[in-house]
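Take a look at the structure below.
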Amino acid sequence: MPSLTGKNIIITGASGGIGAEIARLCAARGANLVLLARSIDKLEILKKELQSTYAINVHAQQLDVSDTEAIKAVFFEVLSDIRYADILVNNAGFGIFDYAHEAKIDDIKSMFDVNVIGLMACTSMVLPGMKQRRSGHIINIASQAGKIATPKSSVYSASKHAVLGYTNSLRMEVADDNIFVTSVNPGPIATNFFEVADKQGTYVKNVKRYMLKPEYVAKQVVDRMMTTTREINLPRWMSSGSIFYTLFPRIFERFGKKVFNQK
Ligand code: NJP
């Protein structure tokens, strides 16, 4: 594993879930961190925890990634402080599980603003510096929902398909600049994500036994930092599902519409 000591790592959505676990593992490996999210109180607590345990620099900044002007301002400030980013983890995101005919237009816009436009805007703030330095790693937390569309998650799934399209294109664009681009496509993970996504708790009840631990997902991500890993698909068996879907979409949808109607 490449050393992370002294690397500058920016993590969006670092106030909880996978983002906070990624921050803890990066700190343990000696990286300096910029933690971004809306809940500044939670970021400050995490910052204290990390700085009291490890000899690293940690910045905590409030940022709502649905606000592209705020992204510009925060990244200008952060980058003038830390000078450059070695790694950006675009992790901030959320989902709301609704049938397409029930989805509210504000929720649709909001999911795209955070999951897609916010991720692109954060990326565009670090790319020029990475290109100039001919070094960097963009890690986009997408989803298995970006590979396999399932009922009652049309908008969330569409937003994560958009993330994967962007990620795949970007990887080819910056390959000659020695910048690595990785997508992370997990299945369900036991985080606060479902408090918003699955208010009735039906999905959590149905998939509880498959749920990944955020610490495990974070370790898979951090172990591959500063490597050329294209995609991280978790759990591995779900990845066979997406290959099958690509090869046999009609069969998959005929049977999948029942099997995957877990929400
Ligand atoms: O969820 P959660 P996860 N601006 O809710 C932040 C994807 N994923 O860790 O702003 C800035 O514990 C929020 O912070 P705060 C998922 O799509 C998950 O599971 O303070 N930040 C918090 O730190 C997402 O991309 C599952 O509320 C914003 C963090 O995002 C990523 O994993 C499965 C924000 C969310 O933490 C992390 O989610 C899958 C905003 N506007 C993909 N809105 C899963 N859990 O099952 C939210 O395939 N955040």
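The values are calculated or read from the model by the stated rules, or taken from the named source; none is laboratory data. Since this is a predicted model, take the numbers as computed values, not measurements. Here the Cβ positions follow ideal geometry from the backbone for every residue, glycine too, while neighbour counts run over all protein chains shown.
Looking at this structure, is LEU88 in contact with a His (Cβ under 9 Å, 6 or more places away or on another chain), at pLDDT 95 or above, within 10 Å of the ligand (Cβ to nearest atom) and outside any helix (DSSP H, G or I)? Talk me through it step by step, then tell me what you get.
Details: in contact with a His (Cβ under 9 Å, 6 or more places away or on another chain): yes; at pLDDT 95 or above: yes; within 10 Å of the ligand (Cβ to nearest atom): no; outside any helix (DSSP H, G or I): yes.
Against the criterion (in contact with a His (Cβ under 9 Å, 6 or more places away or on another chain), at pLDDT 95 or above, within 10 Å of the ligand (Cβ to nearest atom) and outside any helix (DSSP H, G or I)), LEU88 does not qualify.
Condition test on ASN178, is it away from the ligand (no atom under 16 Å from the Cβ), within 16 Å of the chain's Cα centre (by Cα) and surrounded by fewer than 23 Cβ atoms within 10 Å (Cβ to Cβ)? Don't jump to the end; show me each part of the working.
Details: away from the ligand (no atom under 16 Å from the Cβ): yes; within 16 Å of the chain's Cα centre (by Cα): no; surrounded by fewer than 23 Cβ atoms within 10 Å (Cβ to Cβ): yes.
So ASN178 does not fit the description; no.
I'm trying to understand the selection: among the residues of segment 183-229, which are in contact (Cβ under 8 Å) with a residue 12 or more places away in the chain, farther than 19 Å from PHE94 by Cα and either charged (D, E, K, R) or in contact with an Asp or Glu (Cβ under 8 Å, 6 or more places away or on another chain) (or both)?
Selection gives LYS219, ASP223, ARG224, MET226.
Among the residues in segment 44-55, are any within 24 Å of GLN220 (Cα to Cα), of a type in the set (S, T, N, Q), out of contact with any Leu (no Cβ under 8 Å at 6 or more places or on another chain) and surrounded by 16 or more Cβ atoms within 10 Å (Cβ to Cβ)?
Going residue by residue through segment 44-55, those that are within 24 Å of GLN220 (Cα to Cα) are 46-47, 49-51, 53-55.
Retained after the next criterion (residues that are of a type in the set (S, T, N, Q)): 51, 53.
From what's left, out of contact with any Leu (no Cβ under 8 Å at 6 or more places or on another chain): 51, 53.
Restricting the remaining residues to those that are surrounded by 16 or more Cβ atoms within 10 Å (Cβ to Cβ) gives none.
No.
What are the pairs with Cβ atoms under 7 angstrom where one residue, in segment 18-31, is acidic (Asp, Glu) and the other, located anywhere, is surrounded by fewer than 24 Cβ atoms within 10 Å (Cβ to Cβ)? Sequence gap at least six, or different chains.
GLU21/PRO214; GLU21/GLU215
Considering each of ALA197, ALA218, ALA158 in turn, give the residue that is under 17 Å from the mean Cα position of the chain (by Cα), closer than 23 Å to LEU25 by Cβ, crowded, with 16+ Cβ neighbours inside 10 Å and among the hydrophobic types (A, V, I, L, M, F, W, C).
Working: ALA197 fails: closer than 23 Å to LEU25 by Cβ; ALA158 fails: closer than 23 Å to LEU25 by Cβ.
After applying the criteria, what remains is ALA218.
Any idea which residue in segment 103-125 is nearest to the ligand (Cβ to nearest atom), counting only those that are surrounded by fewer than 20 Cβ atoms within 10 Å (Cβ to Cβ) and closer than 19 Å to GLU195 by Cβ?
Filtering segment 103-125 for residues that are surrounded by fewer than 20 Cβ atoms within 10 Å (Cβ to Cβ) and closer than 19 Å to GLU195 by Cβ, the one nearest to the ligand (Cβ to nearest atom) comes out as SER110.
Yes or no: ASN115 part of a helix (DSSP H, G or I) and either at pLDDT below 95 or in contact with a helix residue (DSSP H, G or I) (Cβ under 9 Å, 6 or more places away or on another chain) (or both)? Full working, then the answer.
Numbers: part of a helix (DSSP H, G or I): yes; either at pLDDT below 95 or in contact with a helix residue (DSSP H, G or I) (Cβ under 9 Å, 6 or more places away or on another chain) (or both): yes.
Yes; evaluated as a whole, the condition is true for this residue.
Name every residue in segment 191-232 that is within 10 Å of the ligand (Cβ to nearest atom) and touching a strand residue (DSSP E or B) at 6+ places or on another chain (Cβ under 7 Å), in order of residue number.
Scanning segment 191-232 gives MET211, LEU212, PRO214, VAL217.
Residues that are within 10 Å of the ligand (Cβ to nearest atom) and within 26 Å of PRO186 (Cβ to Cβ), at least 3 per element: which strands (runs of 3 or more DSSP E) completely within segment 6-79 meet that?
Details: elements: 8-12, 32-37, 58-62.
Correct list: 32-37.
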